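The next block holds one structure in the form of structure tokens; read it before the comments.
The values are calculated or read from the model by the stated rules, or taken from the named source; none is laboratory data. Every value quoted in this text rests on a predicted model; they were computed, and no experiment measured them. As a convention, Cβ positions derive from the backbone with ideal geometry for all residues, glycine included, and neighbour counts pool all protein chains shown.
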Amino acid sequence: MSNTAFVSIGDLRRGRQALSPVAQILETAASGGCSTSGGEGKASCGSSGGPDDMPAEIWEKVKNHPCYSEEAHHHYARMHVAVAPACNIQCNYCNRKYDCSNESRPGVVSQKLTPDQAVKKVVAVASEIPQMTVLGIAGPGDALANPKKTFDTFRMLQEQAPDIKLCLSTNGLALPQMVDEICKYNIDHVTITINMVDPEVGAKIYPWIFWEHRRVTGIEAATILHKQQMLGLEMLTARGVLTKINSVLIPGINDEHLYEVNREVKKRGAFLHNIMPLISEAEHGTVFGLTGQRGPSAQELKAVQDACMGGANLMRHCRQCRADAVGLLGEDRSDEFTLDKIDAMEVVYDLDKRRAYQEKVEVERAAQHEAKLAALDAVQDDDGVDADMKVLVAVATEGHGKVNQHFGHATEFQIFEVSKAEALFVGHRRVDLYCQGGYGEDEQLPSIVGAINDCHAVLVSKIGACPRDELKAAGIEPVDAYAHEFIEKAALSWFADYRERIARGEISHEPRGDARIRQGAFTAAA
Ligand code: CLF
Ligand code: SF4
């Protein structure tokens, strides 16, 4: 193996005067990312951090990146281009598909693109969606196992659309050798999928890697991969590149081990740790799907994420995107930008127009922040109810950080954990669409209600009589009183009202049961 000398974090820290971005990343990682609104173990750390929680230079990098900032994901979009089909390892949760339009999971695309086609597509999307701020290369294979296609795309895009942030995702095997190239193209955000720091665990996840012109298997393969991942992470930190670690939570294989992964990547300066559920279905044809390896429930996922708090900052709003996704996280507009449709479009890349739109977004975002602070003040009043009470609230939203979607139009609910201290985004739940163009599909209701069964309320802009009754019967309060208000303000206002009703003796607080979450299948690293 070449280039395996480890850079110690002590060495990195000693270089802080010369490399101030490095010191900033290390300090942000070490502090839990929070100086004013959070701190070690506080729930508001991680991708929920804001400008007060990190150095200005880092905030500049994350403020409009929808994956690196939870708040930004309500407002800004990303897109992926499928220029990287090959991979240099095999994961037991992966089965790539290159012409599939009906599976929504990483590793799946409708069409592979050349770098020229990819850049044309990005410029077309950027001209139509001014809030699209990030281009990611996330497969369908591994971005760095296809270095020419990946870096050609970044180089050409940087020339044509310099305001778009560049992001890539890798399994890390080829990472150390690519760090210079990554820095050359100002790629400020790199995701490494790290599922283990113990090769014994790794051997259960990776059947083989392709390394130095041969296929390597078992513990030897996992050991090489682990060393490359750690070295690559340390090298990126040393160069001031923000890193996010994706880990696939595989019950019985690495669920208890991810705490250790979290601590190890924190030591090496990882900015975020995104623990995602394995979604394992036989029809996707993955090894885990075919052998019956199950994915975790929403509660199991949250328990592992909660256990990791106080370590590397957590990201909880990942949507496990396709490798050709376009739009806000959770939506996919790639059908609007197929190559034939782009050929027919009049593409005008207007930087001023994009900037003007993004300035408007920032005004809206500031208003959202103010509304949250005002609502937090309101919920602080001592009402005599358990001060430590926390409840989950489901929210239907189409974006802009508002409660602005009908119950029947939701294909996912965002889940917020609400307390007197905050309204914290803790995940999302995918559901089947209830409204089928003019009528409600009542057969879907039990599964929708089951998916949010651990929530005390669901906030929507509108809801029909039938689902309203079904939710009430299940003990979930349907709430449309905060339609078109900002989500956190709405959730905190509902919570204040809920507590007042308890204080007045009108209702009693009951704990909620487990949600029944449908699982899908997870593959590639994004
Ligand atoms: Fe894409 Fe990944 Fe960049 Fe985001 S996705 S390459 S960091 S721009 Fe984001 Fe999608 Fe989750 Fe990835 S929601 S799968 S974390
Ligand atoms: Fe390669 Fe990613 Fe698939 Fe793993 S999940 S085999 S790294 S493309």
Task: Residue among Ala366, Ala371, Ala387, Ala394 that is in a loop (DSSP other than H, G, I, E, B) and at pLDDT 85 or above - done: Ala387
TODO: Go through segment 205-237 and give me each residue that's basic (Lys, Arg) and closer than 20 Å to Val190 by Cα.
DONE: Lys227
Task: Counted residues, segment 110-136 - those being surrounded by fewer than 23 Cβ atoms within 10 Å (Cβ to Cβ), under 24 Å from the mean Cα position of the chain (by Cα) and small (Gly, Ala, Ser) - done: 1
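Checking the conditions here, which among Glu260, Glu220, Glu283, Glu212 is within 20 Å of Ala312 (Cβ to Cβ) and surrounded by fewer than 24 Cβ atoms within 10 Å (Cβ to Cβ)?
Exactly one residue qualifies, and that residue is Glu260.
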TODO: Kindly check whether there is at least one residue in segment 137-144 that is modelled with pLDDT of 95 or more, on the phi < 0 side of the Ramachandran plot and surrounded by fewer than 18 Cβ atoms within 10 Å (Cβ to Cβ).
DONE: no
Open item on the list: So, His484, is that one under 29 Å from Asp381 (Cα atoms) and surrounded by fewer than 19 Cβ atoms within 10 Å (Cβ to Cβ) or not?
Closed with: yes
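Within the group Leu242, Leu249, which residue is in contact with a Leu (Cβ under 9 Å, 6 or more places away or on another chain) and over 20 Å from Ser297 (Cβ atoms)?
On the way: Leu249 fails: over 20 Å from Ser297 (Cβ atoms).
After ruling out the rest, the residue left standing is Leu242.
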